[in-house]
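These notes are about the structure you will find just below.
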Amino acid sequence: MLISPSTPPGVPGAGIKETTEMIRVKKFLNRPKTAAWVFILPTILCLLVFNVVPLLSAVVMSFLNIDIFMNNVSVAGFDNFLELVGDSRFWNALRNTVYFTLVSVPLSTTLSLLVATYVQRATFFRKSLRSIYYLPVICSMTAVSIVWAILLDPTIGVVPYATRVLGFGDHLFLKDPQMAMPLVIIMSIWKSFGVNMVIFVASLLSIPDDYYEAANLDGASKIQQFFGITLPLIIPTLGFCLITSTIGSFMVFDQTYIMTNGGPMFRTETIAQYIYMRAFKISPFRLGYATAIAQVLFIIIAMISMLMYRFFIKRETEQG
């Protein structure tokens, strides 16, 4: 008979009951399925509270006339989505976002791959370069944007002063409608290309040396080896970097909001920034209309991501 040390005197069998329940609980928790659910339950709860519930709420709110104060709520149906068709500022923001994506993603990915190809060797100098190139990634986008905005300021910035001293004349830089977006793109590439660089380095190091040794014996040049061996073998990694970079570019907000505030002349206002402005800055604060724009952005990103995913899966299958 198993008697618990905490069994009160004069209560026969109490220790047996307590020990049996503990054994049952222990057996239940030791089951693989139960243990798995126990460990993933906190993550599931966080996803439900911070992802699924807000997403479903946004879908519902996109069909309502509602502001941030939750006053005068009424059903709008598809009116918010139909209004987008005639909203010139929305189309301008979409055009700016597409321009940012089409320029920044190819340039950033190409730069990341070229740098990764150079720094993949395990020498002290090239390992140091990896760390140096990755440093901007760990910095806050807000802080980096503020620093770049100060450096490019026509009045107090170092870069405009240097251009005047060197005889290149006065330039407005971020206040110039033609130069603002390219400068934001340059800053964004400098800030984030280190992420894909590290991923590409890991992918390049996983390629067996036998392929390159055989190519050297056949007299293949470095360029031929890159396009004939390296590029086909890193197609999955290339697809991952392009898809994630495209998603991030379509959601660009911090740098345009801080460096230019969407200006000049709305030349750098993106969809994410326009959503924020409609919901919290432009009176009346139309939260329903802003969430409708967010749903359109979600659909655009989902469609582009699926098309890119299918393209790279097909290429990977062909290579295999």
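Remarks
- Checking [x] 126; [y] 113; [z] 297 against volume of the Cα convex hull per residue in Å³ calculated from these atoms, the matching label is [z].
- Other residues whose C-beta falls under 12 angstrom from the C-beta of Asn80 contribute a net charge of -1, scoring Lys and Arg +1 and Asp and Glu -1.
- Dipole orientation for the stretch 52-129: of the candidates Asn80, Asn96, Thr117, Thr117 has the Cα lying most toward the positive pole (charges on Cβ; Lys, Arg +1; Asp, Glu -1).
- In nm, spacing of pseudo-spin labels at Thr317 and Val73 (7 Å Cα→C-beta vector): 4.6
- Separation of alpha-carbon centers, the stretch 281-320 and the stretch 80-157, rounded to whole Å: 19
- The 3J(HN,Hα) values that the Karplus relation (6.51, -1.76, 1.60; θ = phi - 60°) gives for the stretch 45-61 are, in residue order, 5, 5, 4, 5, 6, 9, 10, 5, 4, x, 5, 5, 5, 5, 4, 5, 5 Hz. Gly and Pro appear as x.
- Computed magnitude of the charge dipole of the chain (debye, nearest 20; Cβ of K, R +1, Cβ of D, E -1): 620
- Counting only residues at least eight positions apart within a chain, or on another chain, the aspartates and glutamates with an alpha carbon under 18 Å from that of Lys281 are Asp67, Asp87, Asp254, Glu269.
- Using a cutoff of 8 angstrom between alpha carbon atoms and counting only pairs six or more residues apart, the relative contact order for the stretch 79-319 works out to 28 percent.
- The order of the peptides 265-274, 148-157 by mean Cβ neighbours within 10 Å, most packed first, is 265-274, 148-157.
- Per-peptide packing, taken as the mean over residues of other Cβ atoms within 10 Å, places 275-282, 121-128, 81-88, 287-294 in the sequence 287-294, 275-282, 81-88, 121-128 from highest down.
- The stretch 41-130 - percent relative contact order, Cα under 8 Å, separation 6 or more: 11
- Taking amide hydrogens as placed 1.01 Å from N in the peptide plane, the amide H of Asn65 sits under 5 Å from those of Ser74, Val75, Ala76, each at least 5 positions away in sequence or on another chain.
- Summary value for the stretch 169-277: 36 percent relative contact order, contacts being C-alpha pairs under 8 angstrom separated by 6+ residues.
- Sequence-distant lysines (8 or more away, or on other chains) whose Cα lies within less than 17 Å of Lys26: Lys17
- Ranked by how many other beta carbons lie within 10 Å on average, peptides 162-173, 302-313 from highest: 302-313, 162-173
The numbers here are math on the coordinates, done by the rules we state, and not lab data. This structure is a prediction, so every number in the text was calculated from the model and none was measured. Neighbour counts are summed over all protein chains in view; Cβ atoms, including those assigned to glycine, are modelled from backbone coordinates with ideal geometry.
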